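The values are calculated or read from the model by the stated rules, or taken from the named source; none is laboratory data. What you see is a predicted model, and the numbers here were worked out from it, not measured in a lab. Here the Cβ is made from the backbone with ideal geometry for all residues, glycine too, and neighbour counts use every protein chain on show. With ligands, DNA and RNA removed, areas are computed over all heavy atoms of the protein, side chains included. Shrake-Rupley method; radii C 1.70, N 1.55, O 1.52, S 1.80 Å.
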Amino acid sequence: VNILYLFLSWIEAEITFSPEFNCNSFTNDVVGFLTGNSIPDFIKDLPTDFLSTPFGAALRPTIDAMYRRPSPSAPTPPVPAPVPATAATSTAAQAAPNPQLAAQLLQAFASQAGSSPALANTASQGLTASVHAITNPPAFNTFLKNHRAAVAFFTSTTCGPCRMIEPTFERLAEEKGVKADGRGAGFAKIDIDVGMGNALASQWNVRATPTFIFFLDGQKLDELKGANANELRTQVDLLLFQAFPRRFYLFPPLNSTTNVVPAHPHSSLSLPAVQALSLNPILFSQVPVIDTVLSKLSTFIDSATWPTSTTPTPSQVKQSLTTVVAPYLKSRFSSPPPSKPPSATPAVLASWSQATTALSSILPAESLFPLVDLWRLALLDPAVGSWAATAPAPSNPITIFINKATTTLQQTNPTSNPRNYLLTTLRLLSNTFATPLLSQTLFVSARPALAA
């Protein structure tokens, strides 16, 4: 009884109906809560199927306006002037509870439905017919059973990156969804703020949005976090290739009728040893003794000659490293690893970047390897990798270390042995693959030099 009371309280407090979360999906949630099953897909998907028709496309703007909640500070919209009803709409208008509103709606639907042949392309600002709206675990289990290859998009109403990546997701659903021959992937959207979406997110260990999870034969194959459109397309193509190895799905389509072309003949060969090779990047995740590394770096700082005009001063640099950088690294890479490791904050990165810029301009290359090793470790933190992908070159530690290594290698008669610095820099560059956005940014920036 208490559980049922909590469920009803949640319904009263949280449920907000929309074209995607409607009476059918609400019924599906209740059935899932009470019985652990779901209603048939052909009933649950009726609203989505209707909105994919030309008449549903014409009706969509009006439905969106009906569900949209005006902000408290927004002025009350003026009542629209009556639209003269035609003979075809007058009878229906008279039979409706509000004849004036009914006449306006019917007249608007009739004019919109016949005004543009491409109306279906612009009508849906929510889900397309190729995307399944999932609101509870039983419905999701049914979705996985019905699709050999499946892509689940976990989103939330307050997620800005989710809104940025959603058009790409819907376009992929249209182009790479299940075709007449049964090939293709199923695409599902789970809003963690709607229905029992939060329970689904917990079940699949989704802690941030957007998160994409890729399934093959009902089993989780891979996942992607963040709004990376290129990586999303690549992962979908890899999923389809594994599900249907005889045919390969390309993006964008080669022509207007199909986006499927025969795969290379070698794809039919049995190569278990090759297929067993890991595609994960090789990362250097060894955690050194942070205090020992800082002590070594402090020795190099004390022995260097610092110009009086240099800012920050040696004492300020050492204070930044010991009071800002070291606590962050120790808390994130402690042993045993924390259940929720802390991420680097903008304040930590700004202070560390300033100290790195000063040290790289004062210390020789052979004395910088302790600093490089600390950054090598930090790049295992996605927050540091994402920051480094967008940080400006003058203060970007990766750019600074690469330029220093390039200059050192170009010296014909080096006065010292920079071996430790070069090896540590190579390990740092390997760890850039921990963040796909960072590795892609480095490849793109290196293209002009490679072409030359």
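Given axes a ≥ b ≥ c from the Cα gyration tensor, I'd like to know whether region 344-389 is rounded (a/c under 1.5), prolate (a/b larger than b/c) or oblate.
oblate
The candidates C162, C23, arranged from most to least accessible area with a 1.4 Å probe in the full protein assembly, appear as C23, C162. Accessible surface ranking for W375, W306, 1.4 angstrom probe, highest first: W306, W375. Counting every pair of alpha carbons in region 267-313, the share spaced more than 15 Å apart comes to 71 percent.
A cut-off of 5 Å between modelled amide H atoms, ignoring neighbours fewer than 5 places along the same chain, links G177 with A185. Beyond 20 Å between alpha-carbons counts as too far, so tell me which of K145/K176; K296/K340; K145/K189; K225/K340 fall in that bin. Beyond 20 Å: K296/K340. Here the Karplus curve 6.51 cos²θ - 1.76 cosθ + 1.60, taken at θ = phi - 60°, turns the phi angles of region 314-326 into couplings of x, 5, 5, 5, 5, 5, 5, 5, 7, 9, 10, 6, 4 Hz, with x standing for Gly and Pro. The string of couplings for region 137-150 from the Karplus curve (6.51, -1.76, 1.60, θ = phi - 60°) is x, x, 5, 5, 4, 5, 4, 5, 5, 8, 9, 5, 10, 9 Hz, one whole number per residue in order, with x for Gly and Pro. Close amide H partners of T155, meaning residues 5 or more places away or on another chain with modelled amide H under 5 Å apart, are I190, D191, I192. Taking one equal scatterer on every alpha-carbon of region 299-407, how large is log10 of I(q)/I(0) by Debye at q = 0.20, 0.21 1/Å? Rounded to two decimals, the profile gives -1.11, -1.21. For a quick check of your reading of the filter: which trypsin sites (Lys or Arg not before Pro) in region 149-237 sit in a DSSP loop and have no more than 14 other Cβ atoms within 10 Å? Passing sites in region 149-237 are K179, R207.
Work out, step by step, the length gained on full extension between T311 and T62: first 0.36 nm times the residue separation, then minus their alpha carbon distance; give nm to one decimal.
Taking T311 through T62 to full extension adds about 83.5 nm, to one decimal.
3J(HN,Hα) along region 343-355: 9, 5, 8, x, 5, 5, 5, 5, 5, 5, 5, 5, 5 Hz, from the Karplus curve 6.51 cos²θ - 1.76 cosθ + 1.60 with θ = phi - 60°, whole Hz, x for Gly and Pro.
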